[in-house]
Every structure is written in structure tokens, then in C-alpha cells.
Amino acid sequence: MIKSELARVILKVVENLRDELGLRDLPPIILERPKEKAHGDWSTNLAFLLSSQVKLTPQEIATKLVSYLRKELNQVDKIEVAGGGFINFFLKPVSFLPFLPQIIKKGGRYGEINIGQGIKTQVEFVSANPVGPMHIGHGRWAAVGDSLANILEKAGFRVEREFYINDYGSQMDIFAKSVSARYSEILGEKVTFPENGYQGAYIYEIAQEIVDKDGKKFLQVDPIKREQIFKERAYKQVLEHIRKTLEKMGVIFDVWFSERTLHKKGKVKETVNYLKANGCVYEKDGAVWLRTSQFGDDKDRVLIRENGEPTYFASDIAYHKDKYERGFQKVIDIWGADHHGYVKRMKAAMKALRYSDDFLEVIIGQMVNLLRGKDPVRMSKRTGEMVTLEEILDEVGKDALRYFFVSKNTDSALDFDIELAKKESQENPVYYVQYAHARICSILKFAEERGIKQPSLSQVNLSLLRKGEELDLIKKLVEFPEIIEECALSRAPYKLTIYAQDLAALFHIFYTQCRVVSEDECLTKARLLLVKATQTVLKEVLRLLGVSAPEKM
RNA sequence: GCGCUCGUAGCUCAGUUGGAUAGAGCAUCGGACUUCUAAUCCGAGGGUCGUCCGUUCGAAUCGGACCGAGCGCGCCA
């Protein structure tokens with residue numbers, strides 16, 4: 001019996017008692033899974049909620065409700081009033097058994113729900129500037145964004161993953177100047193390195209590659225033109241490197257969206273004009289301003305600078321307008337905490353465009369502090385001193401890295417200690433979960449070698465599964481769709497890792513207590529089915545988390 | 001100064017949107033491999049939920065004040 005069925009029955013009972021109890025309005029039926037096993041499978045605080053309307057104690061209300069509920073519920077073993085008014089439901093163990101064949105039949109599709117109702121949704125994340133390698137923070141957003149997208153898909157949203165390329169503006173020019181300067185330097189020319197230039201060693205590498213390929217050819221070229229050429233080459237190279245690193249992390253984007261195209265197609269100007277027509281724009285001090293303060297921002301913001309150049313804000317509005325025009329009904333942006341001050345104005349801009357309030361959702365993720373041992377790893381754009389995401393990925397490994405990142409709530413800042421991540425690798429939670437999967441594969445292989453065939457569903461007597469360890473495991477499997485719903489609605493993939501731990505733990509306990517392949521043929525078949533179902537869910541959870549499900553370890 | 005996020009066991013974190021005696025993992029200590037993988041399991045110790053008020057049947061959770069940490073407050077991106 002599932003939550004919704006139980007809730008329906010309770011609601012019916014309350015409605016029948018409406019006049020007798022003198023209820024004005026009906027409270028929502030809240031069912032929760034109690035933390036304590038002793039409190040049953042489901043629990044409701046309904047009596048507490050009703051006590052404000054009824055002149056009875058919660059205890060009395062609960063007792064009354066229970067006397068009616070008992071008649072309506074046949075899948076329930078026991079209903080009790082406890083803790084001063086909680087109503088606890090203990091389901092019959094048999095009622096869980098039909099889920100097992102369902103899981104087997106659905107396979108990887110088990111857990112799919114439809115709260116998304118196919119709405120076209122975009123998750124935009126990482127969006128690292130294409131002027132250098134990614135850092136550890138990008139890794140966090142890659143892991144979180146990709147898993148969130150996976151979960152939303154599972155929950156029935158139609159999802160696209162998008163990477164926004166900031167390939168327009170002054171930073172690209174500085175980038176090009178930096179490469180150009182290093183190019184000259186490598187070829188023995190005397191140059192002064194541009195102020196604010198990018199100091200990183202990777203700039204040398206890019207310059208070196210140009211030298212290797214084309215030699216001194218560009219020394220004669222006019223500096224402006226040369227920078228133009230280098231900009232394109234270097235940019236493509238960096239972007240390709242970003243793409244490859246993300247791919248190594250198992251993150252594949254559907255769309256790589258270039259900021260330049262917005263400018264080229266006149267979308268930025270078009271957007272400013274559109275806002276003008278909406279009456280949200282005015283001129284002051286030679287600049288063009290958007291009245292964001294009318295839509296909840298602290299002050300108005302500039303769209304077009306005094307010098308005629310649009311601001312980043314203007315092109316970002318155009319970008320989001322473009323998202324809207326591409327038919328997305330919901331857009332989720334994942335930004336680092338250093339951009340949180342930007343949220344208000346962006347939300348205000350969406351209002352100025354007259355989009356609904358829930359069109360744009362911004363997830364602000366707190367920063368990652370990189371440590372090696374106890375010491376913080378200093379990183380500076382200015383000096384170019386930095387440890388890249390790729391280096392960390394190679395050192396720590398994809399599975400551990402993704403699991404570590406996705407398992408933390410994005411609201412909290414996070415210390416990532418490279419030494420710890422490697423040293424503790426044996427005790428890393430990811431291996432605990434993966435090990436459960438590997439153990440399952442081992443059992444299934446063992447059974448196969450013994451010539452025990454995967455039984456057909458009708459052959460299995462599931463009611464043989466009645467030990468506590470077996471039932472606890474089954475109940476956990478039954479929870480899976482609820483977990484997907486919770487993760488999707490709260491946009492919180494980290495909750496899935498908690499489920500993964502719980503499920504793995506219950507499997508390990510089951511494994512210790514219940515011999516699967518035994519002399520008892522019927523029991524063996526029933527347990528094999530349970531093991532197979534566990535494997536199905538575990539594998540799917542790991543897939544959603546972007547972590548591999550090894551067959552042996 | 002203002003705004004956002006965080007503060008729970010020695011460490012890393014949960015705590016189902018206000019519920020029952022605040023829970024896991026790591027670390028520490030003590031147990032369990034002749035059997036499908038011991039990267040596992042079982043047990044023990046460990047807490048002023050940053051502090052103080054308030055809201056109510058009931059607060060780690062909501063509100064206010066304060067303390068502490070991080071981030072932000074550009075005609076930068």
C-alpha cells in the first residue's frame with residue numbers, strides 16, 4: 001500500500017466525521033515515515049492539526065479516528081495511537097511483496113514518476129569562462145548540475161543541459177593579448193606583458209602550440225590582427241579542453257550556447273528595445289538603465305554603458321529571453337556564491353520581461369575551498385597559480401569526486417582536501433555503495449555457476465521473504481519513487497546519496513544475515529529475486545549520481 | 001554598514017519544510033571470516049543543536065536580537 005492510497009482512506013474517514021466533530025475545514029493529510037521503526041511504516045499528525053478546531057485532546061481525536069480507520073483498512077496489520085496523538089500504521093509485510101516483480105519488470109525505469117509532466121526544462125551549469133582551465137568549484141557544479149538533470153528527467157521533466165560560453169567582451173581581449181605576448185616571448189622578442197593579463201602556465205602552452213604548428217609566421221602580422229587570430233585559436237582550444245574534462249567527469253551537455261551569437265544576431269539590442277517598449281528603461285548620465293528597483297532589486301542597473309557598449313547584464317537578459325523563446329517553461333541556473341548578488345537583478349529583469357515568477361530558478365552553490373592536507377591551496381588568477389579540475393580529477397578519480405561533490409548540500413561551503421580524498425579512499429562512502437553492487441553481482445554469478453536459473457516471476461513464492469532484514473530491504477526499495485520525487489521537488493540531488501547509503505547498508509545487513517544461495521530451492525529463488533531487485537535500484541541510483549556500478553571490486 | 005548562505009558528537013554531515021527519547025558515516029575502543037567478496041557486519045562511548053528572548057499542545061526547524069565563518073554589495077564578467 002502506498003502513501004497516496006492511505007492518505008485517500010484517511011481523508012474519507014475525516015470527511016465522514018466532519019459534522020460529528022464540527023470541522024470547518026479539513027487539514028492536509030500529512031503522512032511521514034517515522035524515524036523509529038517502532039513507530040510503524042506510516043505516521044500522521046492529523047489529530048494534532050484537528051485539535052485546534054475540536055474541543056478534544058489530540059489523544060481523544062486520534063482514538064476516535066482510529067476506530068473508524070480500522071474498518072476501512074485491510075492491508076494494515078496494526079493501527080495505534082502513540083506519543084500523545086500520533087496515529088501509527090503498521091502495514092502487513094505481504095503488502096510490500098508485489099513491488100518486487102514490478103521492480104524486476106520495470107528494470108531501470110523503476111522509480112520514474114511524472115511530477116514534471118513533460119515540461120520543457122533547462123538546467124544551465126558550469127558555464128566556465130573559456131579563457132582558462134576549470135577549477136575545483138566548476139567540478140562541484142558539474143556534478144550537482146548533471147545529477148539534478150538526471151533526477152529531473154527521471155521525475156518526468158523534459159530536460160536539456162546547457163553550457164553558456166562567455167566568449168564576448170574584454171576578458172577575451174585580455175586573453176588574446178596574453179597569448180600573443182607569450183608567443184612573442186617564446187620566439188625571443190622583447191615584450192611587455194599586458195597589465196591584468198592571464199599569468200597561468202597554460203597560456204605558454206597555448207602559445208607554444210601555435211609556435212610548433214606555425215612557427216614565426218605571426219610575428220610579421222599586425223598586432224591587432226594577430227590577437228584576433230590568436231583569440232579564436234586559443235578560445236577553441238580552451239573550450240575543447242573544458243569539454244573533454246567535463247566528458248571525463250561523465251557530464252555531457254546538450255547545448256553549448258555562445259554569448260557572441262546573441263550580439264551577432266542583434267538579440268541584445270532587440271531585448272533592450274523590448275524593455276524600452278515595456279516602459280522599464282530610462283536614460284541617465286549618458287547610459288541606459290533598467291528600472292530593476294521597481295521589481296524588487298535594490299537599485300536600478302545599467303544596460304548600455306556611456307560608451308555605447310552593452311553590459312554583461314544586458315546580454316544575460318537577452319540570453320534568458322532567448323531561453324524563453326526556445327520554449328523552455330522552466331529554467332534552472334546554477335551559480336556560484338560569488339554571483340548571488342546578481343540574483344535579484346536577474347529576477348527583476350524576468351519580471352520586466354513579464355515572465356512568470358517561477359520561470360527562472362537560481363540555485364546558489366557555496367564555494368569550494370581546496371586543501372592539500374591542512375594547508376589551503378592558494379589560487380590566484382593574477383599570478384596564474386592554480387590547481388585545475390582536471391588534475392584533481394586524475395588524482396582522485398571520477399567516481400569519488402562526483403560522489404563527494406553531489407553528496408553535500410549546495411547551501412554549505414565545502415572543504416575539499418585532496419590528500420584526504422585519496423588517503424581515505426578506502427573508507428569513502430562511494431565504495432560502500434559500489435561494494436554492495438559488486439557483492440550482488442557476485443551472488444548472481446555464483447548462482448548462475450551453480451546452474452540456478454533466474455526464476456520466472458510466477459514460479460517464486462515471495463511470501464518466504466519474511467525475516468526482518470528481508471522486509472527492511474524490500475521497504476527501502478519501495479521508497480525509491482518517493483525519494484525521486486523529494487529530490488526533484490527540492491532540487492537536491494544530495495538526498496539521493498543518503499538513500500544510496502541506506503539502501504547499501506540494508507543490503508549489507510541482509511547479506512550478513514541471510515544466505516541467498518542455499519539448499520532450500522524455493523527460498524533461494526525468492527531471495528535471488530530480492531537481490532536482483534536491489535541490484536536494479538542500486539544501479540539506477542548510481543547512474544543518476546553519475547557514478548559507475550562495478551561488477552567486482 | 002546592508003544583503004545572501006552557514007553554525008548540530010573530536011571530524012564530515014543528515015534531520016522528511018513545526019512532531020515522538022536529536023540520527024548516520026569517519027575516527028576511537030571491543031567483538032565476528034572453513035560458508036554467495038571482511039571495501040562487510042555486531043556492540044560501546046561520545047551532544048548546552050552558536051547564545052539569548054519570543055510564537056504554541058510541541059522548536060534543531062518559524063520570528064527577533066546578538067556572536068562567529070564564508071561570499072557579495074561596479075557603467076567588471
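The values are calculated or read from the model by the stated rules, or taken from the named source; none is laboratory data. Please read these numbers as outputs of a predicted model, since none were measured by experiment. Note that each Cβ is placed from the backbone with ideal geometry, even for glycine, and that neighbours are counted across all protein chains shown.
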Exercise. Please find, among A:Arg260, A:Arg291, the residue that is touching a Cys at 6+ places or on another chain (Cβ under 7 Å) and farther than 30 Å from A:Leu401 by Cα.
Key: A:Arg291
Exercise. Looking only at the range A:110-131, count how many residues are buried (at least 19 other Cβ atoms within 10 Å of the Cβ) and on the phi > 0 side of the Ramachandran plot.
Key: 3
Quiz prompt | Residue ID - modelled with the lowest pLDDT, chosen from residues in the range A:455-475 that are in contact with a helix residue (DSSP H, G or I) (Cβ under 7 Å, 6 or more places away or on another chain) and over 13 Å from A:Pro93 (Cα atoms) | solution = A:Pro455
Self-check item: Residues located in the range A:493-519, provided they are more than 31 Å from the chain's Cα centre (by Cα) and either part of a helix (DSSP H, G or I) or more than 9 Å from RNA strand B (Cβ to nearest atom) (or both)
Solution: A:Thr512, A:Gln513, A:Glu519
Quiz item: What number of residues in the range A:339-350 are among the basic types (Lys, Arg) and buried (at least 19 other Cβ atoms within 10 Å of the Cβ)?
Solution: 2
Exercise. Taking A:Glu195 as meeting all but one of (1) over 30 Å from A:Arg140 (Cα atoms); (2) modelled with pLDDT of 95 or more; (3) charged (D, E, K, R), write down the number of the exception.
Key: (2)
Exercise. Sort through A:Gln53, A:Gln59 and tell me the only one that's touching a residue at least 24 places away in the same chain (Cβ under 8 Å), part of a helix (DSSP H, G or I), within 15 Å of RNA strand B (Cβ to nearest atom) and of a type outside the set (Phe, Trp, Tyr).
Key: A:Gln59
Exercise. Search the range A:281-305 for residues that are within 13 Å of A:Ile317 (Cα to Cα) and pair each with any residue that is assigned to a loop (DSSP other than H, G, I, E, B) and near RNA strand B (Cβ under 7 Å from one of its atoms) when their beta-carbon atoms are under 8 Å apart and the residues are at least 6 apart or on different chains.
Key: A:Arg301/A:Thr311; A:Val302/A:Thr311; A:Leu303/A:Thr311; A:Ile304/A:Thr311
Exercise. Among residues belonging to the range A:351-371 that are surrounded by 15 or more Cβ atoms within 10 Å (Cβ to Cβ), away from RNA strand B (no atom under 11 Å from the Cβ) and touching a residue at least 40 places away in the same chain (Cβ under 8 Å), point out the one that is nearest to the chain's Cα centre (by Cα).
Key: A:Glu361
Practice problem: Of the numbered conditions (1) away from RNA strand B (no atom under 12 Å from the Cβ); (2) at pLDDT below 95, A:Phe480 fails exactly one; give the number of that condition. | Solution: (2)
Quiz item: If you scan the range A:16-47, which residues turn out to be of a type in the set (Lys, Arg) and modelled with pLDDT of 80 or more?
Solution: A:Arg18, A:Arg33, A:Lys35, A:Lys37
Quiz prompt | Top-ranked residue in the range A:409-465 [being away from RNA strand B (no atom under 12 Å from the Cβ) and in a loop (DSSP other than H, G, I, E, B); ranked as surrounded by the fewest Cβ atoms within 10 Å (Cβ to Cβ)] | solution = A:Gly451
Self-check item: Only one of A:Glu449, A:Glu486 that is closer than 30 Å to A:Glu361 by Cα and without any contact (Cβ under 8 Å) to a residue 40 or more places away in the chain
Solution: A:Glu486
Practice problem: Filter the range A:520-546 down to residues that are outside any helix (DSSP H, G or I) and at negative phi, then give me how many there are. | Solution: 1
Quiz item: Can you tell which of A:Glu395, A:Glu390 is outside any strand (DSSP E or B) and either within 20 Å of A:Val131 (Cβ to Cβ) or within 11 Å of RNA strand B (Cβ to nearest atom) (or both)?
Solution: A:Glu390
Quiz prompt | Number of positions in the range A:289-307 that are near RNA strand B (Cβ under 9 Å from one of its atoms) and either more than 22 Å from A:Asp357 (Cβ to Cβ) or of a type in the set (A, V, I, L, M) (or both) | solution = 7
Practice problem: Report yes if A:Arg354 is out of contact with any Ser or Thr (no Cβ under 9 Å at 6 or more places or on another chain) and within 30 Å of A:Thr292 (Cα to Cα), otherwise no. | Solution: yes
Quiz item: Do we find that A:Gly336 is surrounded by fewer than 18 Cβ atoms within 10 Å (Cβ to Cβ) and among the small types (Gly, Ala, Ser) in this structure?
Solution: yes
Quiz item: When you look at A:Tyr319, is it within 12 Å of RNA strand B (Cβ to nearest atom) and modelled with pLDDT of 95 or more, yes or no?
Solution: yes
Self-check item: Unmet requirement for A:Cys522, which otherwise passes all of (1) more than 13 Å from RNA strand B (Cβ to nearest atom); (2) surrounded by fewer than 21 Cβ atoms within 10 Å (Cβ to Cβ); (3) under 25 Å from A:Ala155 (Cα atoms)
Solution: (3)
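Among the residues of the range A:16-31, is any within 12 Å of RNA strand B (Cβ to nearest atom) and touching a residue at least 24 places away in the same chain (Cβ under 8 Å)?
Looking through the range A:16-31, at least one residue is within 12 Å of RNA strand B (Cβ to nearest atom) and touching a residue at least 24 places away in the same chain (Cβ under 8 Å).
Okay, residues lined up against (1) touching a Gly at 6+ places or on another chain (Cβ under 7 Å); (2) not aliphatic (A, V, I, L, M):
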{"position": "A:Asp394", "(1), (2)": "no, yes"}
{"position": "A:Gly397", "(1), (2)": "no, yes"}
{"position": "A:Arg402", "(1), (2)": "yes, yes"}
{"position": "A:Leu464", "(1), (2)": "no, no"}
{"position": "A:Glu469", "(1), (2)": "no, yes"}
Quiz item: Can A:Lys374 be described as basic (Lys, Arg) and under 28 Å from the mean Cα position of the chain (by Cα)?
Solution: no
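Quick one: in the range A:427-460, which of the residues that are within 22 Å of A:Leu506 (Cβ to Cβ) and among the polar types (S, T, N, Q) is farthest from the chain's Cα centre (by Cα)?
My answer is A:Ser442.
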Quiz item: Among the residues of the range A:64-85, is any within 8 Å of RNA strand B (Cβ to nearest atom) and surrounded by fewer than 15 Cβ atoms within 10 Å (Cβ to Cβ)?
Solution: yes
